[in-house]
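What follows is calculated from the coordinates using simple rules that are stated; it is not laboratory data. Here the structure is a predicted model, which is why all the values come from computation and not from measurement. Here the Cβ positions follow ideal geometry from the backbone for every residue, glycine too, while neighbour counts run over all protein chains shown.
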């Protein structure tokens with residue numbers, strides 16, 4: 001489980017002489033086991049927020065604390081280690097490696113962590129859980145989009161992270177597959193108590209979350225439980 | 001396994017890149033084997049001439065003839081432990097001199113006892129050493145025995161009569177008493193006689209006008225002078241200085257002059273051949289640099305993903321370096337294998353009686369394969385560094 005604290009988190013980009021405020025002073029807490037959807041128009045800062053939470057970016061200012069660790073004080077290698085052990089990523093384009101088979105793709109994050117005990121078994125169990133145990137030797141390119149995304153979800157879980165970050169996970173799959181993926185995510189959240197933060201344009205996905213954060217121009221404009229958001 | 005898959009993703013490009021290394025290592029192996037062979041030849045000279053002082057006629061004397069009595073004078077010089085007469089003749093007089101990496105067939109005569117003093121040790125493949133008194137025997141080096149297809153007990157006429165020899169050409173039949181093991185240096189093409197037979201050949205070689213006036217039993221062509229076993233080259237030089245100062249009618253050449261001559265000759269040859277091969281290999285290395293840069297450019301998203309799942313800068317750098325080293329080692333192994341095959345075939349095709357051209361040694365093997373691996377690593381550093389420094393966010397969203 002992961003406990004995230006964002007304090008006045010800000011990320012500016014310089015494009016030529018202009019400064020773009022991708023994320024502008026965001027302060028919020030995400031508690032252990034939450035299922036949070038981050039929504040907003042394109043350019044609202046969703047992906048930047050996800051990249052900051054995933055420790056892929058350093059904030060321009062502000063503070064991000066994960067499970068009590070002030071990530072601003074960590075060096076690049078420490079951030080990489082924290083990413084490897086605490087964070088799982090799922091991307092819209094799956095990002096599976098074509099040179100590896102399904103099982104090897106799932107096992108990829110194990111390479112970069114110290115604890116690889118039962119890694120292979122964990123990967124096989126996860127593939128079984130996402131319904132792909134019969135495809136372990138297949139190449140990623142031999143799978144459908146939905147299957148590839150399930151492989152990506154299995155990969156995100158292999159290091160037993162406490163936080164999974166998803167960037168438009170249903171953006172490249174059909175509605176039915178999207179629903180299957182959401183069901184899978186809910187099961188991970190409820191059974192494994194994994195904190196999930198999903199950035200999405202897909203309202204069906206967003207409405208399955210327990211909490212919905214809406215961004216606009218890099219600022220949080222609403223932060224409500226999903227039921228309340230739906231009523232509003 | 002992943003490395004192999006990455007390399008085989010772009011089969012033609014990988015083939016061409018590895019071919020560059022293969023050609024470079026092939027050149028390094030064959031040229032290096034040529035240099036090693038030449039160096040082995042020169043090492044024999046260094047060993048032989050590094051253990052004694054060569055004494056010959058003084059400067060300006062055209063005939064290489066010295067009174068044997070000079071040996072007794074030389075033995076009186078401080079530091080001299082032994083001195084032996086030496087005689088040398090062409091085994092194939094009248095043979096046309098051609099460019100060769102070997103030493104021409106030569107008849108060497110002297111006291112068999114000198115063998116125990118020389119640093120250049122020989123051993124017998126068959127038969128045994130000559131003795132000092134029994135005439136008519138010969139010990140053949142490995143190459144010359146093959147050239148004339150002789151074994152122990154056979155007879156051989158020396159010097160070999162040229163096809164166009166005049167009727168008064170003189171040679172003698174000798175019985176092969178022993179055949180030496182290969183040394184890859186001078187003894188391989190030598191035919192060894194004892195002193196008495198050497199003096200007989202010396203008489204045959206003298207101009208008719210003076211032949212009857214010279215008692216060859218009192219003459220030598222040169223003198224090999226030894227200090228106590230283990231005498232250093234600088235001490236042998238001092239002995240040469242003392243001989244020149246105290247014995248008239250002879251010229252002692254400093255040991256260091258001969259040794260350095262052999263060494264510098266070997267160094268120049270090795271430098272030229274190795275430089276040519278390294279140049280070829282460096283060109284191959286540049287193709288590895290190019291391939292690895294292209295691999296990085298093509299796999300930007302992969303790098304971003306690996307960073308996202310926990311890879312550090314060191315991990316990424318290590319993976320790309322390993323891939324470059326793998327290319328280097330693979331190219332190195334294939335190039336080395338082909339190079340060895342070429343040298344084996346070329347040596348096998350060498351006509352009997354000619355020295356083989358190539359010698360693949362363990363140091364050459366280690367150098368060729370090590371250099372290929374190191375070249376891969378060096379060639380991979382910049383691309384790997386670029387890959388490792390990629391910003392993960394930019395890399396992940398690279399199209």
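Here are the numbers for the structure shown:
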item	result
FRET E, pair residue B:391, residue A:125, Förster distance 45 Å, beta-carbon r, rounded to 0.05	0.85
The range B:226-278-the range A:1-72 distance, computed between alpha-carbon centres (Å)	78
0 to 90° range, to nearest 10: angle between helix B:362-388 axis and chain B longest Cα axis	20
Chain A - share of DSSP beta bridges that are antiparallel (%, nearest 5)	60
Exposure proxy order (Cβ contacts within 10 Å, fewest to most) of B:73, B:36, B:2	B:2, B:73, B:36
FRET efficiency estimate (nearest 0.05) - Cβ-Cβ, residue A:118 to residue B:9, R0 30 angstrom	0.45
Centroid-to-centroid separation of the range A:82-136 and the range B:43-117 [C-alpha atoms, Å]	77
Mean Cα-pair separation over length for chain B, i.e. relative contact order, pairs under 8 Å, 6 or more apart, %	30
Within chain B, percent of DSSP bridges classed antiparallel, to nearest 5	75
Length added when fully stretched, residue B:121-residue B:149, from 0.36 nm per residue minus Cα-Cα	7.7 nm
Shielding score for B:307-320, defined as the mean number of other chain Cβ atoms within 10 Å	6
Relative exposure of B:273, A:60, judged by other C-beta atoms within 10 Å (fewest first)	A:60, B:273
Cα gyration tensor shape of the range B:131-274, rounded if a/c is under 1.5, else prolate or oblate by comparing a/b with b/c	oblate
Alpha carbon centroid spacing (whole Å) that separates the range A:165-187 from the range B:300-352	42
Between helix B:11-49 and chain B: long-axis angle, C-alpha atoms, 0 to 90°, nearest 10	20
In degrees, nearest ten, helix A:175-191 long axis to first principal axis of chain A (Cα)	80
Exercise: per-residue mean of other protein chain Cβ atoms within 10 Å, A:84-93	3
Relative contact order, percent, chain A [alpha-carbon distance under 8 Å, six or more residues apart]	29
Cβ crowding within 10 Å averaged over residues, with B:374-384, B:9-19 ranked highest first	B:374-384, B:9-19
Exposure proxy order (Cβ contacts within 10 Å, fewest to most) of B:299, B:397, B:211, A:135	B:211, B:397, A:135, B:299
Label-point separation, residue A:190 to residue B:128 (7 Å along Cα→Cβ), nm	10.1
Fully extended contour minus Cα-Cα distance, from residue B:275 to residue B:113, at 0.36 nm per residue	54.0 nm
Computed FRET value (nearest 0.05) for residue B:293 with residue A:227, which takes r as the C-beta separation and R₀ as 51 Å	0.45
4 °C / 1.567 mPa s Stokes-Einstein diffusion coefficient of the protein assembly as shown, Kirkwood radius on C-alpha pairs, µm²/s	41
